[in-house]
Amino acid sequence: MAGRVASLALGCAALLPLAALAQEPPPSALAQELKRLGEAAVALERTLPNFSCQEKAVSHELKGNKVVQSVEIGATLRAQRDADGSLNEAIAFTEVNGQPFSTGHFHLPVFVSGGFDQAMRYFAPEKQACYSYSLSPGRIDFATLSDSPGPPLCKEKDLQGFALLDADGNVTRIERRVAPEAARAAHEATYAVVDFAAVTLNGRTYRLSQHLYAEMPINRHPTTFTADYTDCKLFTATVTLHTAPEPASDAAPEPSAPPESLPH
């Protein structure tokens, strides 16, 4: 019995390290935050319904510190899904420099789009291999990795940015910079800031762009673009069905009865 007891005791002791190894360490605060932000990015990409917002924007072209051209616009911005499920932004201008606008042409120093369907791409689960991240209270910094997988997954170069987080870990602002050479090659703004606000669409709350500011050199002249988005709501198309007219008959119409006389 003594030998058997010793054998069981040794067996139990041998199992303890294996049990300890089987327990995964708890995820770090950074890993938890990246998971949360990844889920938010996926929700925007896959579940965000078609919606529209009112946009007020101003585009500036500068020479030195002097504004040489300024254009103010009002527009209806629509984010709609294509047949392949991708979300794309379309804009219908309604006002230019305070005057109603319907058709025609006008020149904008610069126009920046993508504030809705691209703002959270830095945290998409499949894109997280492209960046390094660091977490501090109320903030997560990110930068492109020099040894990232490269295109087509990782297209950006020389990018640095950060996101500000509220007490629940939701993004309230994203700010990022790209080296001028890399920005020109990718046709992107060298500097951009997006502020987010909670918007409820179809019974679900999303963090959508509320304010956008961007800078981009055009023909060696700095340009800026500032936009505010309000009145975001579900976008639905209205279809009106009309009853088809009855085909004409070749038969002569029957005479109608004479009208009754009114009493005197």
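The values are calculated or read from the model by the stated rules, or taken from the named source; none is laboratory data. Values in this document were obtained by computation on a predicted structure and should not be read as measured data. Ideal geometry is used to build each Cβ from the backbone, glycine not excepted, and the neighbour counts take in all protein chains shown.
When you look at T224, is it touching a Pro at 6+ places or on another chain (Cβ under 9 Å) and either assigned to a loop (DSSP other than H, G, I, E, B) or hydroxyl-bearing (S, T, Y) (or both), yes or no?
Answer is yes for this residue.
Once the range 184-215 is narrowed to residues that are out of contact with any Pro (no Cβ under 8 Å at 6 or more places or on another chain) and outside any strand (DSSP E or B), the residue that is surrounded by the most Cβ atoms within 10 Å (Cβ to Cβ) is A189.
Looking at the range 64-97, which of its residues are within 17 Å of F225 (Cβ to Cβ), in a strand (DSSP E or B) and not small (G, A, S)? If the condition is that a residue be within 17 Å of F225 (Cβ to Cβ), in a strand (DSSP E or B) and not small (G, A, S), then V67, V68, Q69, V71, E72, I73, L77, E89, I91, F93, E95, V96 are the ones that fit.
Just one residue in the set A75, A41 is of a type in the set (G, A, S) and either touching a strand residue (DSSP E or B) at 6+ places or on another chain (Cβ under 7 Å) or at pLDDT 95 or above (or both); that residue is A75.
So, G114, is that one in a loop (DSSP other than H, G, I, E, B), surrounded by 11 or more Cβ atoms within 10 Å (Cβ to Cβ) and modelled with pLDDT under 85 or not? Judged against the criteria, G114 is a match. Taken as a whole, the condition of being modelled with pLDDT of 90 or more, of a type outside the set (D, E), over 16 Å from the mean Cα position of the chain (by Cα) and farther than 27 Å from T226 by Cα does not apply to L153. Restricting the search to the range 115-138, which residues are aromatic (F, W, Y) and within 21 Å of A189 (Cα to Cα)? F116, Y122, F123, Y131 - these are the residues of the range 115-138 that are aromatic (F, W, Y) and within 21 Å of A189 (Cα to Cα).
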